[in-house]
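The values are calculated or read from the model by the stated rules, or taken from the named source; none is laboratory data. Treat the numbers as computed from the prediction; the structure is a model and nothing was measured. Neighbour counts run over all protein chains shown; Cβ positions are idealised from the backbone, glycine included. Accessible surface areas use protein heavy atoms only, side chains included; no ligands, DNA or RNA. Shrake-Rupley method; radii C 1.70, N 1.55, O 1.52, S 1.80 Å.
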Amino acid sequence: MLLIDCPYCGERPEIEFAYGGEAHLERPPNPAELDDQRWAEYLYMRSNTKGVYAERWRHARGCGRFFNALRDTTTDRFLASYKVGEPRPQLSPPAGPAA
Amino acid sequence: MNKQKFSAFSLLWRGLSRHRSWQAQWRKPQPKPSYDALIIGGGGHGLGAAYYLAQEHGLTNVAVLEKGWIGGGNTGRNTTIIRSNYLFDESAALYDHSLKLWENLSQRLNYNVMFSPRGVMMLAHTVHDIQVFKRHVHANRCNGVDNEWLEPPQAKAFCPPLNIEENIRYPVLGAALQRRGGTARHDAVAWAYARAADALGVDIIENCEVTAIRRDSEGRVQALETTRGPIAARKVGVAAAGHTSVVLGMAGVRLPLESYPLQALVSEPVKPIFPCVVMSNTIHAYISQSDKGELVIGAGTDAYTSYTQRGALHVNAHTLDAICELFPTFRRLRMMRNWGGIVDVTPDRSPIIAKTPVPGLYVNCGWGTGGFKATPGAAHLFAWTIARDEPHPLNAPFTIERFRDGRLIDEAAAAAVAH
């Protein structure tokens, strides 16, 4: 089970959290102006990155708040977590201690 | 290339001669500089597609590129359940096409894939389940797919270890049974297709990871860069399951896919006790017994996307809770192994077998948690799509463009997983 660092509550076990998928997907400000292709891009297409992935989590069985995290999907190691509205942190290479 | 035929006589003869005269089942060729078509991914879907390309479409200058060993991905990691009782017309046609190919696959490939139509029973635990399953039964019958409704005593008669007492947390209120469904030996499917494709001249190249897709000035696929050097081909089919987004990303194609770990586990082997396959989507359990005697148990996907081929223990524990309540006799069994595979899930839980926006590049993906049952059908239709540069009528609805056009085939409720 993963230990997830909620920016409000600190490290808690994974079962307290709900997953929210890819982060930083912005709803287009005026959907009526989009063609179907770009609307489908927003609704359905995902980066599904193998490597460092920015994703949303919600501390559903804790403080209830959404936040974002960077996780390496090849190791499941969390590299950073940050509040909604904050920009994606720049990781200085090498990111964290080598496993 | 002549292959030794398998038969009762050849087994007896070679058994008596101490098994010293068996040949290798397929060659280990070096990659050639170019092929007419390349398949990326040496699982059942990819090997099968290569076989049908050679056998039905006359394309024998074909290679299958596998980054690990054949059948080492999801083909060797699933719980081998085969069924076709999907709700929508498009899905029922697709999965039943596959089921029909399963029925004589061993004869066709001269290789025992141990297809065992022992019946797949899906349990209903709530009023909603009953309504949904009955709807499935009727929809399936309209499509010529067998599926029948069982009351709890009938379900118990079909699967004696089942607990139908009313005092459990989620009592069994009935079940939908597809008698033609069942299981097959997953490794044998990969080996059978590999052997049959190899006999037709297909090169199976293991330890060969694709690192880039090269395109010509018109955007058409020209060649692949691999860890074993560049290989040219004008047609490339991708059957890379959980890694499809990564491979198609090399050609700049974005897909509606997310890759999740899906876990399974097996118990210690016991004598035959479990005659069928039982699944419960509401409390999330799949179980059958392998011919070795192990109970094969499917757990759920983990909550988050990952490429690690492992998941968290609490996901397995959740499934075992359900198994122990439904089958109290298994409470003292010890679990022997657990593992994970990476499954590529689409938003509507239906697959994609289609051309991509890149000319010469084709994709078979999005099978999510249920790709094994579709192996022969998907391979057959994928080969058709690659060879003719157009989809077969059965896979024509399963495009990438359906997400743009709003023509989703929403099987989320029908796939027996509580998504």
The whole-number value in µm²/s of the Stokes-Einstein translational diffusion coefficient for chain B, with Rh from the Kirkwood sum over alpha carbon pairs at 20 °C and 1.002 mPa s, is 97 µm²/s
Which residue, B:TYR362, B:TYR52, B:TYR307, tops the fluctuation ranking in a GNM of chain B built on C-alpha contacts under 10 Å? B:TYR307
Evaluate E = 1/(1 + (r/R0)^6) for B:ASN110 and A:ALA32, where r is the Cβ-Cβ distance and R0 equals 56 Å; express this FRET efficiency to the nearest 0.05. 0.40
Students often check this: by mean Cβ neighbours within 10 Å, which of B:7-17, A:73-83 ranks highest, and how do the rest follow? A:73-83, B:7-17
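Averaged per residue, what accessible surface does chain A expose to a 1.4 Å probe, in Å²?
Numbers: 5820 Å² over 99 residues.
Counting only protein heavy atoms, the per-residue value for chain A is 59 Å².
Express in nm, to one decimal, how much length is gained between B:LYS271 and B:HIS138 on full extension, taking 0.36 nm for each residue of separation and deducting their alpha carbon distance.
Working: separation 133, 0.36 × 133 = 47.88 nm, distance 3.64 nm.
In short, 44.2 nm is gained.
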Whole angstrom only: what separates the Cα centroid of region B:251-274 from the Cα centroid of region B:1-41? 29 Å
Accessible-area loss of at least 50 Å² in the complex relative to the chain alone (1.4 Å probe) applies, within region A:18-36, to A:TYR19
Would you look at the GNM of chain A, springs on alpha carbons closer than 10 Å, and say which of A:LEU34, A:LEU25, A:LEU70 moves the most? A:LEU34
Give me the residues in region B:242-256 whose solvent-accessible area, probe 1.4 Å, is reduced by at least 10 Å² once all protein chains are included instead of the chain isolated. B:HIS243, B:SER245, B:VAL246, B:ARG254, B:LEU255, B:PRO256
Report the label-to-label distance for B:GLU56 and B:LYS3 in nanometres (one decimal), using points 7 Å from each Cα along the Cα→Cβ vector. 1.7 nm
The farthest towards the positive end of the charge dipole of region B:260-419, of the residues B:LEU361, B:VAL266, B:THR375, given +1 on Cβ of Lys and Arg and -1 on Cβ of Asp and Glu, is B:VAL266
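Rounded to the nearest 100 Å², what is the sum over both chains of accessible area buried where B meets A, with a probe of 1.4 Å?
2200 Å²
Once R0 is set to 30 Å, what does the formula 1/(1 + (r/R0)^6) return for the Cβ-Cβ distance between A:VAL52 and B:GLU206, expressed as a FRET efficiency to the nearest 0.05? Walk me through the numbers before you get to the answer.
Working: r = 29 Å, r/R0 = 0.98.
So, using R0 = 30 Å, E works out to roughly 0.55.
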Once you charge only the Cβ atoms, +1 for Lys and Arg and -1 for Asp and Glu, what is the size of the charge dipole of region B:272-414 about its Cα centre, to the nearest 20 debye? 380 debye
Quick one: if you stick a label point 7 Å off each Cα along the C-beta vector at B:GLU225 and B:SER10, how many nm between them? 4.3 nm
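What pairs from B:LYS5/B:LYS28; B:LYS100/B:LYS156; B:LYS134/B:LYS373; B:LYS5/B:LYS235; A:LYS50/B:LYS28 go past 26 Å between their alpha carbons?
On the way: B:LYS5/B:LYS28 20 Å; B:LYS100/B:LYS156 28 Å; B:LYS134/B:LYS373 22 Å; B:LYS5/B:LYS235 32 Å; A:LYS50/B:LYS28 30 Å.
In this structure, B:LYS100/B:LYS156; B:LYS5/B:LYS235; A:LYS50/B:LYS28 exceed 26 Å between Cα atoms.
Estimate the FRET efficiency between B:ILE130 and B:GLN23 by the formula 1/(1 + (r/R0)^6), using the beta-carbon distance for r and 60 Å for R0, to the nearest 0.05.
Details: r = 54 Å, r/R0 = 0.90.
Step by step, r from the Cβ atoms, then E = 0.65.
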Report the gain in length on full extension from B:GLU165 to B:CYS324: 0.36 nm times residue separation, minus Cα-Cα distance, nm rounded to one decimal. 55.9 nm
Mean-square fluctuation check for chain B, GNM, Cα pairs under 10 Å: which of B:GLN23, B:GLN263, B:GLN154 is largest? B:GLN23
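Ignoring ligands, DNA and RNA, please state the percent of accessible area on chain A from carbon and sulfur, probe 1.4 Å. The partial results should precede the final answer.
Values: 2840 of 5820 Å².
Exposed carbon and sulfur together represent 49 percent of the surface.
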Length gain on complete extension for the stretch B:ALA157 to B:ARG407, per 0.36 nm per residue less the alpha carbon to alpha carbon distance? 85.9 nm
For B:ILE82, residues with placed amide H under 5 Å, excluding near neighbours: B:GLY182, B:THR183
Magnitude of the charge dipole, region B:1-50, Cβ model with Lys/Arg +1 and Asp/Glu -1, debye to 20: 320 debye
Treating each Cα of region B:39-120 as an identical point scatterer and ignoring solvent, apply the Debye formula and state log10 I(q)/I(0) at q = 0.14, 0.20, 0.21 Å⁻¹. -0.59, -1.14, -1.21
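From other protein chains only, count the Cβ atoms within 10 Å of every residue's Cβ in B:175-187, then give the mean.
0
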Sequence-distant or interchain residues sharing an amide H contact under 5 Å with B:HIS392, placed H: which? B:THR385
Separation of region B:174-239 and region B:280-313 by C-alpha centroid, Å? 25 Å
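In whole percent, and with a 1.4 Å probe on the protein chains, what portion of the accessible area of chain B is carbon and sulfur? Walk me through the numbers on the way to the answer.
Details: 8850 of 16830 Å².
Heavy-atom surface of chain B belonging to carbon and sulfur, 1.4 Å probe: 53 percent.
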Checking the a/c ratio against 1.5 first, then a/b against b/c, what shape does the Cα gyration tensor give for region B:100-165? oblate
Skipping prolines and chain starts, which residues have an amide H placed within reach, meaning under 5 Å, of the one on B:VAL113, given they are 5 or more residues away or on another chain? B:SER106
Apply the Karplus curve 6.51 cos²θ - 1.76 cosθ + 1.60, θ = phi - 60°, to the phi angles in region B:108-116 and return the couplings in whole Hz, x for Gly and Pro. 5, 9, 6, 7, 7, 8, 6, 5, 10
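Please work out the average accessible area per residue across chain B, using the 1.4 Å probe convention, and give it in Å². Numbers along the way, then the final one.
Working: 16830 Å² over 419 residues.
I get 40 Å² per residue for chain B.
Return a whole-number percent for the relative contact order of chain B, with Cα pairs under 8 Å and 6 or more residues apart as the contact set.
On the way: 976 pairs, mean separation 91.2, N = 419.
Relative contact order, chain B: 22 percent.
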